[in-house]
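What follows is a single structure, written as structure tokens, with notes after it.
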Amino acid sequence: MVFKKLLGSLGVGGPTVDTVLHSGTATPGGSLGGEVHLKGGDADFGIEHITLELVAHVEAEHEDGESAGGLTFDRFTVAGGFTLSRGEVRVIPFDVPLPWETPVTELYGQDLGIVLGVRTELSVSGARDKGDLDRLTVGPLPAQEAVLEALGQLGFGFRSADLELGHIHGTGQLLPFYQEIELSPAPRYADRVNEIEVTFLAASGGLEVVLEADKRGGFSSQGGDTLGRFTIAHHEVHDRDWVAEMDSRIEALLGARTPHGASAYGAWGHGHDAGHEHHRTGPGTGAVIAAGAAGVAVGVVGGMVAAEVVDEVGDFFEGDEDDEEQEEGDEG
């Protein structure tokens, strides 16, 4: 994971930055380590600060429809206040904490289509320049994996995952967006539900799990969305029968009634803030995964969707570079 960028705002001969992340998969609430490699330019430069930004590709709904773009959700200053001499090479190690609500980008080694990046901002003698984005890979916490593994063993299939701008009422959510993991129903539930969505909100003490069911309507039953939630302490992960528990929670969710004309969020007290209405996205926005009896494996259509994920990742990073070039042009 390497990116390099000549500081365009300083012109030819300016210092260069090369940020290398440690290999391996990070986890929410864990640490992100690496090194920033600086190389001096044709003159001495005063380095005011070196800042790492965590950036996510987030979707948003508004009156004119939907849009998506990069959103910085955390910043860490890792060095600053020194002079980089002409031609000097300097290596600055860093180890910074990831937010507990950092989204999960992969499951069992499979890409979920969630795009996170790390970008380095270098402030030199009053001029600031941002480097290219480097993709960040984040795996699940044990509690997140336990819930998803149980749902897989119950027969639910993983359709897609995305990040949505907004806040879920009644939760301890801190970031300005949340992750939704969409699942196709297990055969035993297929006549009662179109889709199940799972949102994880992790914290130092445990994990808050929000479940939403898009229920099918029938002659004697009412369709619509129902919502429920529960919490898991991190130390409880290995002390519970997750298959039985998730089966019970899904049954309770599908048995819940939504009052006629009322929002499922209003009924349960967990609605989104005004201006960030809930919406669903199709499987084309992320990797499609099918659940097997022994866990989760790539489905038949995974190959097709994987190409779309690669395209989306490339478009996001290239679009970020285009935005930076436009900003530099505007400043000029």
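The values are calculated or read from the model by the stated rules, or taken from the named source; none is laboratory data. Please read all numbers here as calculations on a predicted model, not as lab measurements. Ideal geometry is used to build each Cβ from the backbone, glycine not excepted, and the neighbour counts take in all protein chains shown.
Residue by residue through region 236-248, note down the ones that are surrounded by 11 or more Cβ atoms within 10 Å (Cβ to Cβ) and assigned to a helix (DSSP H, G or I). Within region 236-248, Glu236, Val237, Trp242, Val243, Ala244, Glu245, Met246, Asp247, Ser248 qualify. Checked against (1) crowded, with 16+ Cβ neighbours inside 10 Å; (2) over 30 Å from Arg192 (Cβ atoms), Tyr108 meets all criteria but (2). Within this structure, Leu175 passes the test of being at pLDDT 90 or above, in a loop (DSSP other than H, G, I, E, B) and closer than 27 Å to Gly69 by Cβ.
Could you list, in sequence order, all residues of region 194-227 that are modelled with pLDDT under 90, in contact with an Asp or Glu (Cβ under 9 Å, 6 or more places away or on another chain) and of a type outside the set (S, T, N, Q)? Residues satisfying the conditions are Asp214, Lys215, Arg216, Gly218, Gly223, Gly224, Asp225, Leu227.
Please enumerate the residues belonging to region 104-130 that are of a type in the set (S, T, N, Q), part of a strand (DSSP E or B) and in contact with an Asp or Glu (Cβ under 8 Å, 6 or more places away or on another chain). Break it down stepwise before answering.
As a first pass, look at region 104-130 and keep what is of a type in the set (S, T, N, Q): 105, 110, 120, 123, 125.
Applying the additional criterion that residues be part of a strand (DSSP E or B) yields 110, 120, 123.
Passing the criteria: Thr120, Ser123.
Given the structure, is Gly33 without any contact (Cβ under 8 Å) to a residue 24 or more places away in the chain and either out of contact with any helix residue (DSSP H, G or I) (no Cβ under 8 Å at 6 or more places or on another chain) or assigned to a strand (DSSP E or B) (or both)? When the stated conditions are applied, Gly33 does not pass them.
For the residues Glu101, Glu61, the requirement of being part of a strand (DSSP E or B) and either crowded, with 16+ Cβ neighbours inside 10 Å or outside the structural domain of Thr199 (by TED's automatic domain parsing) (or both) singles out Glu61.
Looking at region 170-183, which of its residues are surrounded by 22 or more Cβ atoms within 10 Å (Cβ to Cβ) and β-branched (Val, Ile, Thr)? Residue satisfying the conditions is Ile181 alone.
Each row is one residue, and each column tells you yes or no for (1) in contact with a Leu (Cβ under 6 Å, 6 or more places away or on another chain); (2) touching a residue at least 60 places away in the same chain (Cβ under 8 Å); (3) crowded, with 22+ Cβ neighbours inside 10 Å; (4) closer than 19 Å to Gly113 by Cα.
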site	(1), (2), (3), (4)
Ala146	no, yes, no, no
Ser160	no, yes, yes, yes
Glu164	no, yes, yes, yes
Ile168	no, yes, yes, no
Pro185	no, no, yes, no
Arg192	yes, yes, no, no
Gly205	no, no, no, no
Lys215	no, no, yes, no
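Taking the condition of being farther than 19 Å from His169 by Cα and either outside the structural domain of Gly205 (by TED's automatic domain parsing) or assigned to a strand (DSSP E or B) (or both), how many residues in region 225-235 meet it? Lay out the reasoning, then the answer.
Taking region 225-235 first, the residues farther than 19 Å from His169 by Cα are 233-235.
Then keep just the ones that are either outside the structural domain of Gly205 (by TED's automatic domain parsing) or assigned to a strand (DSSP E or B) (or both); that gives 233.
Count: 1.
Against the numbered list (1) over 30 Å from His49 (Cβ atoms); (2) in contact with a Phe, Trp or Tyr (Cβ under 7 Å, 6 or more places away or on another chain); (3) assigned to a strand (DSSP E or B), Val147 comes up short only at (3).
Scanning region 131-142 for residues that are part of a strand (DSSP E or B) and either modelled with pLDDT under 95 or touching a Lys or Arg at 6+ places or on another chain (Cβ under 8 Å) (or both) returns Asp134, Arg135. Within region 77-103, the set of residues being closer than 15 Å to Lys39 by Cβ and in contact with an Asp or Glu (Cβ under 6 Å, 6 or more places away or on another chain) comprises Thr83, Ser85, Arg86, Val91. Taking region 118-144 as the range and being under 30 Å from Phe230 (Cα atoms) and either surrounded by fewer than 21 Cβ atoms within 10 Å (Cβ to Cβ) or under 14 Å from the mean Cα position of the chain (by Cα) (or both) as the test, the residues that pass are Leu136, Thr137, Val138, Gly139, Pro140, Leu141, Pro142, Gln144.
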